[in-house]
Amino acid sequence: MESKLASLRKWLDGLHDEPLEIQDDTDLIQSGVVTSLQFVQMVIEIERLHGRKLDPGVITVESMRTLKAIDAAVFQDA
Amino acid sequence: MAADPSRVAVVSGASSGIGAAVAAEFSHRGYTVVGLSRRGNPALARTEGYVDLVADLCDEEAVRAALTSASETLAGGVKAVVLNAGASPEPTDLVKAEWRVAAQAYETNVRTALTLVQAMAPLLKQSGGGSLTFVGASLANGYEPKRWAYAASKAAMTTLMRACSVEFADDGVVANEVRPGPVATAMTMPGIDGEVSDALIQAVNAGFGTDWLKSSRTVAQWIATIAEFPSNGPTGQVFNYSRKVL
């Protein structure tokens, strides 16, 4: 079964017409992988993959900035 | 028994998003609120002083019938009307834009507003004046080609607002428009099924170095405040909260 992180990576890829190289430490904001509105949708997608709403304390820009940070803050912490 | 007309507000598009938040804000401020929408708002309907009217706002007869069903509440008149109902078509390359889509946007955004203006004008006059507050869009400036259909309909709403400010001035009715800029709602962000948390909005604004993404709750407070302008207050004005030129 595909990991949640892999599913999220695929979801991010789907936002773009051209293939993207998203590394675990790619800054999703600075690199333009997500726009501000897509950032919100990304968090909703993370919640969907996670299976429940995120604690407000987890939703910070730093914990959502890279796939590595998301994995540590959400998926590995489940 | 008729509600105190100085504390009656009518909000269109009250089933979700900004409209639902505006209706809740008026309730919080002690108003009797009449919400109009196609889907209704079961959560608000359980609130004391909220009248949930279900009607397609493009259908003048349906609106008239819905308002008639609330005639007891509206018997003394209305103080504030917020014209929020609307929809935004998918962005499309201008060269591929279909007139059918543009016409539908006009129908949904302008016709609904005109219908409500015509239904509410006598009730606003009856209460000695009040306000018409239009929920507009910064895109109405017209510089986003892919959003032309939506922008054109919102620009038409601006001219309707200005026309109302003149037409109903002698009745003590002020007409203004709020352009909220990006708001986290289901219309702007498909997939959202409820309120976006303050934490998420703060994260977005911190990450992107801006303060322009807002919750519908925040916008609702501005709209209600503008809707409470006095009869001799500012009218015919556009209040732009988008924080950037669009």
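The values are calculated or read from the model by the stated rules, or taken from the named source; none is laboratory data. Since the structure is predicted, the reported quantities are computational estimates derived from the model, not experimental observations. Glycine also receives a Cβ, built like all others from the backbone with ideal geometry; neighbour counts cover every protein chain displayed. Ligands, DNA and RNA are stripped out before the accessible areas are found, and what is left, the full protein with its side chains, is counted by its heavy atoms. Shrake-Rupley method; radii C 1.70, N 1.55, O 1.52, S 1.80 Å.
Check the straight Cα-Cα distances from B:LYS146 and name the lysines below 27 Å, setting aside those fewer than 8 residues away within the same chain.
B:LYS146 reaches A:LYS10, B:LYS96, B:LYS154, B:LYS214, B:LYS244.
Counting heavy atoms of the protein chains only and a 1.4 Å probe, report the per residue accessible area for the stretch B:4-240 as a whole number of Å². Provide the component values of the computation, followed by the final result.
Numbers: 10220 Å² over 237 residues.
Heavy-atom SASA per residue in the stretch B:4-240 reads 43 Å².
With θ taken as phi - 60° and the coefficients 6.51, -1.76 and 1.60, list the Karplus ³J(HN,Hα) couplings across the stretch B:87-101 in order, rounded to whole Hz; mark glycine and proline as x.
For the stretch B:87-101, the Karplus-derived couplings read 8, 10, x, 4, x, 9, 4, 4, 5, 9, 4, 9, 4, 4, 5 Hz, x marking Gly and Pro.
Explain nothing, just the number: relative contact order of the stretch B:1-141, from Cα pairs under 8 Å at least 6 residues apart, as a whole percent. Display every interim value, and only then the final one.
On the way: 242 pairs, mean separation 37.6, N = 141.
Relative contact order here is 27 percent.
Can you list residues from other chains, or at least 5 along the same chain, whose modelled amide H is less than 5 Å from the amide H of B:VAL34?
Distant-sequence amide H within range of B:VAL34: B:ALA9, B:VAL10, B:VAL11, B:VAL51.
Tell me, what is the 1.4 Å probe accessible area of A:HIS50, in Å² to the nearest 10?
Its accessible surface works out to 20 Å², give or take rounding.
Roughly what angle does helix A:36-50 make with the longest principal axis of chain A, taking Cα atoms, 0 to 90 degrees, to the nearest 10?
Helix A:36-50 sits at roughly 50 degrees to that axis.
Please list, in order along the stretch B:108-114, the HN-Hα scalar couplings obtained from phi with the Karplus expression 6.51 cos²θ - 1.76 cosθ + 1.60 (θ = phi - 60°), rounded to whole Hz, x for Gly and Pro.
Result, ordered by residue: 6, 8, 9, 4, 4, 5, 4 Hz.
In square angstrom, what is the accessible area per residue of the stretch A:12-78 with a 1.4 angstrom probe? List each step's numbers first, then the result.
Working: 3560 Å² over 67 residues.
Value for the stretch A:12-78: 53 Å² per residue.
Dividing the convex hull volume of the Cα atoms of the stretch B:4-240 by its residue count, what figure in Å³ per residue is obtained? Show your work: numbers first, answer last.
Numbers: hull volume 28.8 nm³, N = 237.
Roughly 121 Å³ of hull volume per residue.
Taking each residue of A:28-35 in turn, how many C-beta atoms of other protein chains fall within 10 Å of its C-beta, and what is the average? It would help to have the intermediate numbers written out before the result.
Details: counts 1, 6, 2, 0, 0, 0, 3, 2.
So the per-residue partner count for this stretch is 2.
Can you tell me the equivalent ellipsoid semi-axes for the protein assembly as shown? Use √(5λ) from the Cα gyration tensor, largest first, whole Å. Could you put the intermediate results ahead of the total?
On the way: eigenvalues 307, 93, 59 Å².
The three semi-axes for the protein assembly as shown are 39, 22, 17 Å.
Largest first and to the nearest Å, give the Cα extent of chain A along each principal axis.
Principal extents (Cα only, largest first): 32, 29, 20 Å.
Compute the relative contact order of chain A as a whole-number percentage, counting only Cα pairs closer than 8 Å that sit 6 or more residues apart in sequence. List each step's numbers first, then the result.
Values: 50 pairs, mean separation 30.4, N = 78.
Reported relative contact order: 39 percent.
Relative contact order for the stretch B:4-240: what percent, with Cα pairs under 8 Å and sequence separation of 6 or more? Each step should come with its number before you reach the end.
Values: 474 pairs, mean separation 48.2, N = 237.
The normalised contact order for the stretch B:4-240 reaches 20 percent.
Give me the net charge of A:ARG65's neighbourhood, meaning all other residues with Cβ under 11 Å from the Cβ of A:ARG65; Lys, Arg count +1, Asp, Glu -1.
-2
So how tilted is helix B:148-167 from the main axis of chain B? Cα-based, degrees 0 to 90, rounded to 10.
30
Over both sides of the B-A contact, add up the buried accessible area with a 1.4 Å probe and give it to the nearest 100 Å². It would help to have the intermediate numbers written out before the result.
On the way: alone 11610 and 4990 Å², together 15320 Å².
For B against A, buried area totals roughly 1300 Å².
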